[in-house]
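Nothing in this text is a laboratory measurement; each read-out follows from the coordinates by a stated rule. Bear in mind that the values here come from a model prediction, so they are computed numbers and not experimental data. For neighbour counting, all protein chains shown are included, and Cβ atoms are generated from backbone atoms with ideal geometry for every residue, glycine included.
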Amino acid sequence: MIGLESLRGLQGALLGAGGIVLPHIDYTAILPELILLGGMLLLLVVAALSPRRLATEFYATATVGIGIASLVASLVLWKDVVSHGPFTAVAKSLDIDGFAVLFLVLVSCVLIVAPMLAVGYLRREGIEGCEYYVLALISGSGAMFMASANDLVLVFLALEVLSLPLYVLAGFDRRRAASSEAAIKYFVLGAFSSAIFVYGIALTYGATGSTNLGQIAAFLARNVLTSNGVLLGGVALLLCGFAFKIAAVPFHMWSPDVYQGAPTPATGFMAALAKAGGFAALLRVFVTSFPTLRSSWQPVIWVVAILTLVLGASFAVVQRDIKRMLAYSSINHAGFILLGLQAATAQGVAASLYYLFIYAFLVLGSFAVVTLVAGRGDDQHDLSRYRGLARRQPVLAGSFTVLLIAQAGAPFTTGFFSKLYVLQAAVAAHSYALAAVAMGSAAIATFFYLRVVFLMYSGSAPVEAGVSPELVEPGAASLAAPALAMAAPSGQALASGLVAAGGAGVEPAWAKRSGGGSGASGEGDGAEPPGEATTGVPETPLSSSPWTVAGLGICVGATVLFGIWPEPIIEFARLATTIF
Amino acid sequence: MTPGAPALLASATIPDALTFAVAAVICVVGALGVVLMRNPVHAALSLVMTLFGIAVLFVEEDAQFLAAIQVIVYTGAIVVLFLFVIMLLGVDRRERVTADVFRGQRVVALGLGLMVLAEVVLLARTRWVTGARSATGALEGPGTNVAKLGRAVFTAYLVPFEVTSALLVLAVVGAVVLARRPARTEPRRGAGASPGGEPGTPSGEGPAGDQASQEVPHAGDAGGAGRRGGGDGADQVGDGGGARLEPEEVVPR
C-alpha cells in the first residue's frame with residue numbers, strides 16, 4: 001500500500017531539485033463550482049448508465065438538489081467571508097469576497113428556479129433528457145467562476161464556459177428552424193466578441209505585464225504610463241467583449257433574434273445568467289482593476305448606458321412579439337445596471353448588484369409565463385395572444401402582471417427599489433443627465449409593460465375567432481397612452497420623480513383594469529365562450545405542471561416579498577460591496 | 001511608417017527587424033488571402049500561411065515551444081479540420097459572396113474599418129515596433145520554455161487550466177446535443193426502424209431533416225430511437241452523425 005507520503009516523495013522526485021511549489025488549493029473556496037461540475041458529471045453518468053429512460057422530473061429534481069447544495073456551500077462561504085474578510089484562493093486566481101459570494105448565491109438561486117420552469121416545457125415539446133440540465137449546470141459554474149475570477153485568463157475561460165452552453169441551449173429545440181438560427185447567430189457573434197475580448201486581454205497584458213487583476217491594479221497604482229495607448233486599447237476591447245455579453249447597445253443586435261428564437265425557458269435562463277455573469281466580471285474588472293483609468297472609461301460607459309437605456313426602451317415599444325419585446329426590455333434593464341457602474345462608487349456597485357439579483361427572478365418568471373402562453377410548439381408569441389388572458393387563466397395573468405409592473409418599477413415590487421437605488425447612486429455621483437434619461441426610458445418602458453397588462457385584462461373586444469393584429473394595436477395604444485402621458489413629464493424630474501412616474505403609471509392601470517375587467521365579464525358572459533381569442537394551438541394551462549407553479553411561485557413571491565420587505569437583499573448587496 | 005522606420009532600425013538588430021518584417025508580411029498576406037479568396041480551400045490554406053507567420057514571430061521572441069505548438073496544433077490539426085469540413089460540405093459549392101445583403105453595408109464597413117485603423121494609428125502614435133523587449137511582460141529567470149510554461153500552468157494558472165477541462169466536457173455534451181437527430185413530438189411507429197440510417201438517407205439539417213426522413217421509407221428512425229434511448233446524450237451521437245453523412249456529399253470531385 002502506497003501511503004500519501006511516498007506519493008508526495010515521488011512527486012518531489014519527479015519535479016527535481018528545483019521543483020515547483022504547487023499552490024495550496026482551498027477546496028471550500030471552490031466548493032460551489034465543484035458541486036455544480038461534479039453534479040453535472042454525475043447526471044451524465046446516471047443518464048448514460050440507467051437501463052431505461054429516466055423521467056425529466058428526475059433530472060430536474062437532481063438539478064434543484066445540486067443548486068440547493070451549492071447555495072448552502074455559498075452561504076457557508078459567505079459566513080467565512082463575513083467573519084474573516086475577503087481572501088484570494090488557489091494562487092490568487094480566485095478572489096473570494098462578498099461580491100463574488102453574492103453572485104455564487106444568485107447563480108445557485110437561478111439554478112434552483114430555472115429547472116423547475118423547464119420541466120413542463122421539455123415534457124410538452126418531447127425533448128426530455130438530461131442535456132438541458134447538464135448544460136444549465138455547466139453554464140452556472142461558468143458564471144460562478146466569472147464572478148470570483150481574479151485573473152483575466154480565468155475571466156475569459158469562465159466566459160466561454162458560461163456562453164457555450166447558452167449557445168447550445170438556444171438551439172436546443174432542433175425541430176424549429178428559428179431555434180437553430182438563434183443558436184448560429186448567438187454562436188457566431190459570441191465567438192467574434194470572445195475574440196475581441198481575448199485581444200483586449202493580450203493588450204492589457206502587454207501594457208501591464210500581468211493578467212492578474214490584483215497585480216494589474218497594483219501596477220497601475222505604482223506606475224504612471226507615459227503613453228497608455230495600448231492599455232486604453234485593451235480596456236476598450238475588454239469593454240466590447242463584456243458589452244456583447246450583457247447586450248449593451250452597440251453590441252445588442254444579437255439579443256432580440258436570439259431571445260426570440262431560443263426555446264422560451266432557455267431564453268429566461270440565458271437572460272438571467274448571462275447578465276449576471278457578464279456584469280459580475282465587468283464590475284470587478286473595471287472597478288477593481290482600472291480605477292486609475294476611471295476618467296477614461298467613465299464617459300464611454302456614460303454613452304453606452306444612455307444608448308442602451310433609450311434604444312432598449314424605444315425599440316421595445318414597437319415590437320409585436322412578446323419575446324422580442326422582453327429582449328429589448330432586458331436591454332433597457334442592462335442600461336439601468338450600467339448606471340451603477342458608471343457611478344463607480346461602492347453605492348453604485350451595490351445598487352447594480354441588487355438590480356441584478358432581483359432582475360434574475362423577474363426575467364425567469366416572465367419567460368415562464370411566455371412559455372405557457374406560447375402553447376405547444378413554442379411559437380405563438382404575438383401580443384394578441386395575451387388578449388383576455390386574465391379571463392382564461394386568472395392566476396397566470398396575475399403573476400405576469402406582477403412581474404411586468406415590477407419590471408416597470410412599480411412600488412411594492414422589487415423593481416421599484418432596484419431602479420430607485422441605481423438612480424440614487426447616479427445622482428450621488430452627479431450624473432444628473434444620465435439619471436434623467438434613465439427615468440425617461442423608465443416612463444417609456446412603463447408604456448409597453450402596461451400595454452401587455454391591459455391586453456391581458458381587456459377581454460371585452462368584440463372579437464370573433466382569431467384576433468387580427470390591427471384590432472389590438474389602436475386599442476392598446478389608446479389605453480396605455482394616458483399612462484405614458486402621465487409618466488413622461490414626471491420622468492424629467494429626479495429621484496423622487498421615479499416614484500411619481502411609477503405611481504402615476506400604475507394607478508390608472510389598476511383602475512382601468514378593474515373597469516375593463518368588469519366590462520369584460522358583463523359583455524363577455526353572454527356572447528363568447530372563454531378562450532375564443534386563441535388561434536391555433538391552445539395555451540398550456542398553469543395547472544399542467546406543479547413544477548412550473550412552484551417555480552413561478554418563487555419568482556412572483558420573491559418579487560412581492562422583497563418588494564415589501566427589501567432590507568435583506570439590500571443589506572446583502574451593501575455588505576457584498578463593502579467586503580470587496 | 002516613415003517616422004517609425006529609422007527608430008526600428010536604430011534600436012533593433014538588423015536580423016531581428018528583418019525577420020519581423022518578413023513574418024509580418026507573411027501574416028498579413030495570409031490574412032488578406034483568407035478574406036479575399038473565393039475558393040474556401042484556398043482561404044484555409046492562406047490561414048496556414050498566417051499561422052505559420054505567427055509561429056516565426058514566436059521563434060523570434062524565443063518562445064520556441066509555442067512556435068512548435070502553433071504549427072502542430074493550429075496549422076496541423078485545426079486547419080486540417082477546416083479542410084475536412086469544407087470537403088464534406090462540398091468544395092464546388094459556389095457562394096454568392098458579391099451579393100450585398102444590406103444595402104450600403106460595404107460602404108459602412110469600409111468607413112468603420114478606416115476609423116478603427118485611424119484610431120489604432122493614433123493610439124500607437126510614436127510607438128512603432130522597435131524590437132525592444134517589454135519591460136513588464138518578458139520572460140524572466142532561468143529555465144527552458146517548456147519548464148516555464150509548465151510552471152505557469154500548474155501554479156499561477158492552475159484554476160484556468162482546470163476550468164479548461166470543464167470546457168472540454170461541455171464541448172462534448174454540446175456537440176452531442178446539436179448533432180443528434182431531433183426527437184419527434186409524437187412517438188411514431190412504422191417508418192424504417194433501423195436506427196443507423198441507410199446510405200441515401202437525405203441529410204437532415206435542422207428541422208428539414210425531420211420531414212425528409214418521414215418522406216423516405218428507408219429513413220433511419222433516429223427520432224424514434226431517440227425516444228427509446230431516452231434522449232440522453234451519449235449513445236445517440238452515432239445515430240445522428242451516421243445518418244447524416246451522405247456519400248454523394250462526402251466525396252468531392
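At-a-glance table
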| item | result |
| --- | --- |
| Cα-Cα over 19 Å, subset of A:79/A:245; A:185/A:245; A:92/A:245; A:323/A:419 | A:79/A:245; A:92/A:245; A:323/A:419 |
| Peptide ranges B:110-117, B:169-176, A:327-334 listed from the most packed, as the mean C-beta count within 10 angstrom indicates | A:327-334, B:169-176, B:110-117 |
| Peptide-level mean, for B:114-120, of C-beta atoms on other protein chains within 10 Å | 1 |
| B:159, A:105 arranged by Cβ crowding within 10 Å, fewest neighbours leading | A:105, B:159 |
| Inter-chain Cβ neighbour average for residues A:165-172, partner chain, 10 Å | 3 |
| Charge tally in the Cβ shell below 15 Å around residue B:166, where Lys, Arg are +1 and Asp, Glu are -1, residue B:166 excluded | -3 |
| Quarter of the Cα convex hull surface for the range A:33-95, i.e. its orientation-mean projected area (nm²) | 5.2 nm² |
| Exposure proxy order (Cβ contacts within 10 Å, fewest to most) of A:109, B:27, A:555 | B:27, A:109, A:555 |
| For residue A:96, residues with placed amide H under 5 Å, excluding near neighbours | A:87, A:88, A:89 |
| Sorted peptide list for A:342-349, B:56-63, criterion being average Cβ within 10 angstrom, highest first | A:342-349, B:56-63 |
| Average other protein chain Cβ within 10 Å of Cβ, residues A:145-157 | 3 |
| Nonlocal amide H pairs with residue A:151, under 5 Å, H built at 1.01 Å | A:213 |
